[in-house]
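Here the structure is laid out as structure tokens; the discussion comes afterwards.
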Amino acid sequence: MFPQKRRTRLMAFAAAGSLLALTACSSGGGSSDEANDDGAPSGEITVLTWRTDLVEDGTFDEYVEEFKAKYPDVTDVKVEGLTDYEGEVKTRMNTENYGDVLAIPGSVTPDQLGDFFEPLGTQEEIGAEYQWINDKSFKGQSYGIPVVGNVQGFVYNKRVWEEAGITEFPDTPQAFLDALQAIKDNGVEIAPLYTNYKDGWPLSQWDGWLGAVSADPDWKNKIVESDTPWTDDSDYGVVDGLIYDAVAQGLTEADPTTTNWEESKRLLGTGEVATMVLGSWAIPQMAAAAEAAGASGDDIAYAPTPVQVDGKFHSVAGGDYNLGINVNSENKATARAWIDWFNHESGFSESQAGLSPIIDGPVPAALEGFVEEVELITLNPAPEGKEALFADIDTASGIVTTDPKFRQKNIDDARSGARTKQQIFDDLNAQWAEGRASAG
């Protein structure tokens, strides 16, 4: 069993997660209506959201009604749920029709923010009210505000782990692999670790461990000065090395090309999958899926990045998707009102077992124990004048770490044996060094 204090908290996470009422995000498209002359929100807006589940279950309908009740001159808020959010929005951003309010895609580099999104205020102004705004700011201007703050680690089925005899949080990458092996050896047809390879975007969730591995809030600012970000003990090396080892050792799903994100929620809830690397936002989704499948939401628990530095676990805390306003929107006043209302009054962050983006906002019950036991890290912004340097190097290198294909290729090689882990590291470092030289 887990140490009593830790185990009790994990059970609390799960119980809270299973009872959370799922809420929703926004969706966009242009509007010809402007705010009233007195600045009060009016007319209609379109909001784009990646949370298709919350569109389908009616949660967003409730949000819209509450927003319209506060602002009766708003005639409509159209919410569009996009399954392939990053891909579809990226395509729509080739036009002016990408909603009024939308989550800023990860593919938008800092220097591109002003081309596509309306400035919301200076970093100093927005930072006085909201946290985790740095990564969607550029040259002192903020373009996005997160809807929720996540901690990073992994979500798992507590019952399956305990039945495999795992009694403590793994505190090294090898201990994590050993735990997965113990689950595999337990004689049950269970995927110890599920990659969600086919959907792609979940592979980017492993980036949440970057910074926690070294317990260094400046890890990203340092690797732009290095030609070798992939080493055995570096943040990238530990993360991508662990993915490689898990796949190569047969500790993941049998056929990653057939994974399915929505189905994976049920599989984790019923114990057919033991572990997935996702942010804390996943807790209520997995608990709800467990309950819907006739299993117990109390089986869903959350653990920190499996590395300790100076005897402590660390977890990166940061914003989830940031809501921004389409620079071409014809109803920016109402769009901004939606963003502020959503963060202050919708209750979204609490319902998603997340930290409030508002400074000194509430900590949800599902994370109280985690926050007490794990040291949280907020990554430092890039120095002035270097905000786009990481993205410039990443793009010039051809690696493009924001593209799931980067890790899909590594998984392919781990399955086939086409490249060893060290060969992958050598290739990535060579590409990175070329990117640094190209980006100056």
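The values are calculated or read from the model by the stated rules, or taken from the named source; none is laboratory data. Remember, predicted model here, so these are calculated numbers, not experimental data. Note: ideal-geometry Cβ built from the backbone for every residue, glycine included; neighbour counts use all protein chains shown. These accessible areas exclude ligands, DNA and RNA; they are computed on the full protein's heavy atoms, side chains included. Shrake-Rupley method; radii C 1.70, N 1.55, O 1.52, S 1.80 Å.
For the stretch 234-259, how many residues meet the condition of being more than 12 Å from ILE411 (Cα to Cα) and either free of Cβ contacts under 8 Å to residues at least 12 places away in the same chain or among the polar types (S, T, N, Q) (or both)? Here the count works out to 3. Does the stretch 199-209 contain at least one residue that is closer than 17 Å to VAL316 by Cβ, open to solvent by 20 Å² or more (accessible area, probe 1.4 Å), free of Cβ contacts under 8 Å to residues at least 60 places away in the same chain and small (Gly, Ala, Ser)? So far as the stretch 199-209 goes, no, none of its residues is closer than 17 Å to VAL316 by Cβ, open to solvent by 20 Å² or more (accessible area, probe 1.4 Å), free of Cβ contacts under 8 Å to residues at least 60 places away in the same chain and small (Gly, Ala, Ser). Among the residues of the stretch 125-169, those identified as hydroxyl-bearing (Ser, Thr, Tyr) and assigned to a loop (DSSP other than H, G, I, E, B) are TYR143, THR167. Take the residues of the stretch 249-289 that are open to solvent by 10 Å² or more (accessible area, probe 1.4 Å) and in a loop (DSSP other than H, G, I, E, B): which is nearest to GLY354 (Cα to Cα)? Per the stated criteria, the residue is TRP281.
Yes/no per residue for (1) open to solvent by less than 10 Å² (accessible area, probe 1.4 Å); (2) of a type in the set (Asp, Glu); (3) out of contact with any Cys (no Cβ under 6 Å at 6 or more places or on another chain):
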{"position": "ASP299", "(1), (2), (3)": "no, yes, yes"}
{"position": "ALA303", "(1), (2), (3)": "yes, no, yes"}
{"position": "GLN308", "(1), (2), (3)": "no, no, yes"}
{"position": "GLY311", "(1), (2), (3)": "no, no, yes"}
{"position": "SER315", "(1), (2), (3)": "yes, no, yes"}
{"position": "ASN328", "(1), (2), (3)": "no, no, yes"}
{"position": "ALA337", "(1), (2), (3)": "no, no, yes"}
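For the stretch 203-222, the criterion of being over 19 Å from ASP135 (Cα atoms), touching a Ser or Thr at 6+ places or on another chain (Cβ under 7 Å) and part of a loop (DSSP other than H, G, I, E, B) is met by at least one residue. Exactly one residue out of GLY87, GLY99 is over 20 Å from LEU389 (Cβ atoms) and buried (at least 20 other Cβ atoms within 10 Å of the Cβ): that is GLY99. Those helices (runs of 4 or more DSSP H) of the stretch 333-440 in which at least 1 residues are in contact (Cβ under 8 Å) with a residue 24 or more places away in the chain and of a type in the set (Ser, Thr, Tyr), considering only elements entirely within it, cover 348-351, 389-397, 421-439.
The set of residues in the stretch 378-419 being under 20 Å from the mean Cα position of the chain (by Cα), among the acidic types (Asp, Glu) and open to solvent by 50 Å² or more (accessible area, probe 1.4 Å) consists of ASP403 alone. The listed residues are ASP227, ASP245, and the only one of them that is at pLDDT 95 or above, assigned to a helix (DSSP H, G or I) and more than 22 Å from the chain's Cα centre (by Cα) turns out to be ASP245. For the stretch 149-163, indicate whether the set of residues that are more than 27 Å from GLN249 (Cβ to Cβ) and free of Cβ contacts under 8 Å to residues at least 40 places away in the same chain is non-empty. Within the stretch 149-163, not a single residue is more than 27 Å from GLN249 (Cβ to Cβ) and free of Cβ contacts under 8 Å to residues at least 40 places away in the same chain.
Condition first: out of contact with any Ser or Thr (no Cβ under 7 Å at 6 or more places or on another chain) and not in a loop (DSSP other than H, G, I, E, B). Now tell me which residues in the stretch 290-299 satisfy that. Of everything in the stretch 290-299, those that are out of contact with any Ser or Thr (no Cβ under 7 Å at 6 or more places or on another chain) and not in a loop (DSSP other than H, G, I, E, B) turn out to be ALA292, ASP299. Considering the stretch 363-377, and only residues there that are among the aliphatic types (A, V, I, L, M) and open to solvent by 20 Å² or more (accessible area, probe 1.4 Å), the residue that is nearest to PRO110 (Cα to Cα) turns out to be LEU376. Of note, PHE154 satisfies the criterion of being open to solvent by less than 10 Å² (accessible area, probe 1.4 Å) and under 30 Å from ALA366 (Cα atoms). Taken over the stretch 164-201, the criterion of being over 20 Å from GLN249 (Cβ atoms) and not hydrophobic (A, V, I, L, M, F, W, C) is satisfied by THR167, GLU168, LYS198, ASP199, GLY200. Restricting the stretch 72-84 to residues that are part of a loop (DSSP other than H, G, I, E, B) and open to solvent by 50 Å² or more (accessible area, probe 1.4 Å), the residue that is nearest to VAL55 (Cα to Cα) is THR83. Here TRP50 fulfils each of the conditions (1) over 19 Å from ASN326 (Cβ atoms); (2) at pLDDT 50 or above; (3) of a type in the set (Phe, Trp, Tyr) apart from (1). TYR156 passes every criterion in (1) at pLDDT below 95; (2) in contact with a Ser or Thr (Cβ under 6 Å, 6 or more places away or on another chain) apart from (1).
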